[in-house]
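The values are calculated or read from the model by the stated rules, or taken from the named source; none is laboratory data. Note that the structure is predicted; figures quoted are calculated from it, not measured. Don't worry about glycine lacking a Cβ; one is built from the backbone with ideal geometry, like all the others, and counts go over all protein chains shown.
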Amino acid sequence: MKLRPVLAVLLLLAGFYYLSMHFVPAGALASLAHRAPGLDASNESSIQGPLGHFTMTEAAAAPAYDSEEQQNIAVYKRALPSVVNITSTALVYDFFSRPVPQQGQGSGFLLDKEGHILTNNHVIDNAQAVDVTLFNQKKYKAVLVGVDKDHDLALLQIKDVPNLTPATLADSAGLVVGQRVYALGNPFGFSGTMTRGIISAIRSVAMPSGHKIEDAIQTDASVNPGNSGGPLLNSRGEVIGITTLIASNPNGGADQSAGIGFAIPIGTAKAVLDDFARYGRMRRPSLDIVTLPIGPDIAEQIGLPVDYGILVESVLPGGAAQKAGLHGGTQQARMGYQPVMLGGDLIVAIDGQEVTTPQDLSAALNKHHAGDTAVLMVFRGRSRMTFKVVLSDAKEVIGN
C-alpha cells in the first residue's frame with residue numbers, strides 16, 4: 001500500500017516529461033524558468049529576410065507608470081493648457097539701412113479667461129508685433145498691456161478667445177531648497193517642453209536692468225533660450241515663478257543650459273500685477289535705502305546688539321527713509337573686496353514681522369503699495385526705536 005503514492009508521483013513526472021518533449025516548443029520552458037518574478041509577460045516574433053533571421057522580444061502589455069512618473073504626467077497635463085509660445089517681431093536695419101524683420105521666441109502663461117498673459121519684458125522688448133500660440137496650435141495677435149522693466153515682466157492680452165485655461169498661482173513665500181520644480185515652455189522653439197529639477201537656492205540676483213531680485217529662485221531644471229517667460233511649477237502644477245535667466249555654459253559656444261537657471265518669484269509678479277490693475281503701471285513701494293544683510297559673524301565683528309537684520313548703509317536723498325528720520329552709515333569699511341558703510345540703523349522688523357534676510361524685507365514690501373505706511377523697528381546703536389515710514393514710489397525718488 002505504501003508503494004502506491006510513490007508510483008503515482010513517478011507516473012505524473014513521466015507524463016510531464018513526455019508532454020514537454022513532444023508538444024511544447026523548444027526553449028519555452030527555459031524562458032518561463034528564467035523569467036524574473038513580477039515582470040509582465042512577453043512575446044517573441046520572428047522575421048526572415050534578405051539579411052537573415054531576426055527574433056524580437058516584445059512586451060505583451062504596456063507597463064504601469066510608477067508614482068514618480070504619474071506625478072510628472074499629472075503636472076504636465078494640468079499646466080500645459082495654460083502655457084503659450086510667444087513670437088515677437090522687431091525691425092532691424094541691414095547694411096544698406098533697409099528694415100528687416102527679426103523674430104524672437106519665448107514663453108508665457110495665461111492668468112485669466114480674459115486672455116491676460118504674463119511673460120518676460122525681454123521677450124517682447126522693442127517688438128512691433130507679438131503673436132501668441134496656444135497649446136492647441138491656434139495663433140492670435142497680442143497687445144501689450146504693461147511692462148515692469150526693473151523686474152523684467154510684461155503683461156500681454158489676447159482678446160475674444162474662448163475656452164482659455166488660466167494657470168493656478170501658488171505662494172512663493174514658503175519655498176525651500178530641495179523642493180521639486182518643473183519648467184514648462186518653448187526652449188529653442190520646441191513647444192510644450194517640460195524639464196524637472198529642484199530649487200537649488202533662494203538668492204539675490206542682478207537683472208540685466210541692474211535691478212536686483214532679492215528672492216530669485218535658482219534651479220537646476222534645464223532651461224534654455226525660449227524658456228524665458230514660462231512658468232516654474234511646484235509638484236502640484238502651480239506656478240511659483242517665471243523663468244527669466246540662465247547661467248550660460250562658457251564652453252558651449254552659445255547661451256545654453258549649464259544647470260543654473262533663475263526665476264522671478266510669483267509673489268513679486270503678483271505685486272506688480274496688482275499695481276497694473278490699480279494704477280495702470282508699475283508703482284512699487286520703496287524705503288529708498290541701500291542695505292547690507294547681517295548675520296551672526298558680521299554682527300559680532302562690528303558689535304551690533306543683535307545677530308540678525310538689515311543694516312542701512314545709506315538713505316537716498318528725498319526718499320522715504322530719510323523723510324522718516326532713518327540714518328545711514330558714517331564709517332567706511334571693507335568686507336572682503338566689497339566697500340561698505342557701517343554705523344547706520346539696523347532694521348529688525350517691519351509691521352511686527354521679524355526681518356532676518358533681504359527676502360523678508362522684500363516680502364513685507366510686496367504686501368504694500370506706494371503711499372502706504374510701514375512700521376519699522378530698528379536699533380540705533382544699543383537703543384531700540386520705532387519709525388513710521390510712508391513708502392515712496394520707487395520711480396519717483398531722485399537717484400533711483
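Summed over region 307-350, residues that are farther than 19 Å from PRO285 by Cα and in contact with a Phe, Trp or Tyr (Cβ under 6 Å, 6 or more places away or on another chain) total 1. Here region 35-69 is the region considered, the condition is being among the small types (Gly, Ala, Ser) and not in a strand (DSSP E or B), and the residue that is modelled with the highest pLDDT is SER67. Would it be correct to say that ILE202 is closer than 29 Å to LEU134 by Cβ, in a strand (DSSP E or B) and either in contact (Cβ under 8 Å) with a residue 24 or more places away in the chain or outside the structural domain of PRO81 (by TED's automatic domain parsing) (or both)? Answer is no for this residue. Of the strands (runs of 3 or more DSSP E) contained entirely in region 298-367, those carrying at least 1 residues that are modelled with pLDDT under 90 and over 32 Å from the mean Cα position of the chain (by Cα) fall at 331-335, 338-342.
Out of curiosity, is TYR18 surrounded by 10 or more Cβ atoms within 10 Å (Cβ to Cβ), modelled with pLDDT of 55 or more and in a loop (DSSP other than H, G, I, E, B)? Taking the combined requirement at face value, the residue does not satisfy it.
Kindly establish whether LYS270 is more than 20 Å from MET377 (Cβ to Cβ), basic (Lys, Arg), in contact with a strand residue (DSSP E or B) (Cβ under 9 Å, 6 or more places away or on another chain) and assigned to a helix (DSSP H, G or I). Against the criterion (more than 20 Å from MET377 (Cβ to Cβ), basic (Lys, Arg), in contact with a strand residue (DSSP E or B) (Cβ under 9 Å, 6 or more places away or on another chain) and assigned to a helix (DSSP H, G or I)), LYS270 qualifies.
A count restricted to region 140-176 and to residues that are surrounded by fewer than 12 Cβ atoms within 10 Å (Cβ to Cβ) and more than 18 Å from ALA90 (Cα to Cα) stands at 6.
Among residues of region 241-264 that are over 26 Å from LEU118 (Cβ atoms), those with a Cβ under 7 angstrom from a residue that is at pLDDT 55 or above and part of a loop (DSSP other than H, G, I, E, B), sequence gap 6+ or separate chain, pair up as ASN249/ALA258. MET207 meets all of the listed conditions (1) under 11 Å from the mean Cα position of the chain (by Cα); (2) within 19 Å of LEU118 (Cα to Cα); (3) aliphatic (A, V, I, L, M) but one, namely (1).
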